[in-house]
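Working notes for the structure below.
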Amino acid sequence: MKIQRRIFKKRRREGKTNYRKRLTLLKSDSPRLVVRKTNRYIILEIVEHEEAQDRVLKILTTKELLKFGWPEEKTGSLKSLSACYLAGLLIGKKAKVKKAILDSGLIPNTKGSRVYAVVKGARDSGLNVSCNEKIFPDNEKIQKYDFFNKVKGEIEKIK
C-alpha cells in the first residue's frame, strides 16, 4: 500500500500536478483552456476530459505568431504579455468550442500576469472563459510593440 501511495504522489513531488485543483476542474465537465509556460514560449491547449484520459482538441504555441507577422528579431519576446494576448486570440479563433474554463496548472494566480493576458485574448475572440475582468493586464502593457496591431489584424482575418 505504501508503494502505491508513493507512486500516486510522484507527480506532485516533481511539481507537475496539483491533484485537488485538477479534480475540481474535471468535475465541471467543460473543456479546459490549459496554459503552460516554458523558458521560451507559452503553450496553449483546449482539452476535453474523457473517462480516465484527456483529449487535446487544439494545441498552439506562441511560436506560431511568427506566421502572422511577428518579427524574427523579436523571438525572445514570444512569452511577453503581447504574445500571450495574441496567442489567446488565435486559439479562440481556431477552437471549435464556445466555452472553456481556465487551467493554469501550478502557475500562481497574479493580477495582470501572462495567464490572464491569454484569457483576455481568448475572450476577445469569442471564447467564453469565466474570469473577473479586474485581473486582466492593462491594454497599454499589452500593446507595447509597434507591430502589435499588424499581427492582431492578421489573426482577426481567420474565420
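Throughout, read-outs are computed from the coordinates displayed, never taken from laboratory work. Keep in mind the model is a prediction, meaning the values are calculated, not measured. Because the Cβ atoms are built from the backbone with ideal geometry, glycine has one as well, and the counts that use them run over all protein chains shown.
Lys157: which aspartates and glutamates have alpha carbons under 17 Å from its alpha carbon, excluding same-chain residues fewer than 8 sequence positions away?
Glu64, Asp124
Can you list the aspartates and glutamates whose alpha carbon is less than 17 Å from that of Lys16, not counting same-chain residues fewer than 8 positions off?
Filter leaves Glu45, Asp54, Asp103.
Among the DSSP beta bridges whose two residues both lie in the chain, what percent are antiparallel, rounded to the nearest 5? Mind showing how you got there, number by number?
Details: 14 of 19 bridges.
The antiparallel fraction comes to roughly 75 percent.
Can you pull out the trypsin sites (Lys or Arg not before Pro) in segment 25-75 whose DSSP state is coil and whose Cβ has at most 15 other Cβ atoms within 10 Å?
Arg40
Tell me which GluC sites (Glu not before Pro) from segment 31-72 have a DSSP coil assignment and no more than 12 other beta carbons within 10 Å of their own.
Glu51
Cross-link candidates for Lys134: which lysines have Cα within less than 18 Å, leaving aside residues fewer than 8 places away along the same chain?
Here the lysines satisfying the reach criterion relative to Lys134 are Lys111, Lys120.
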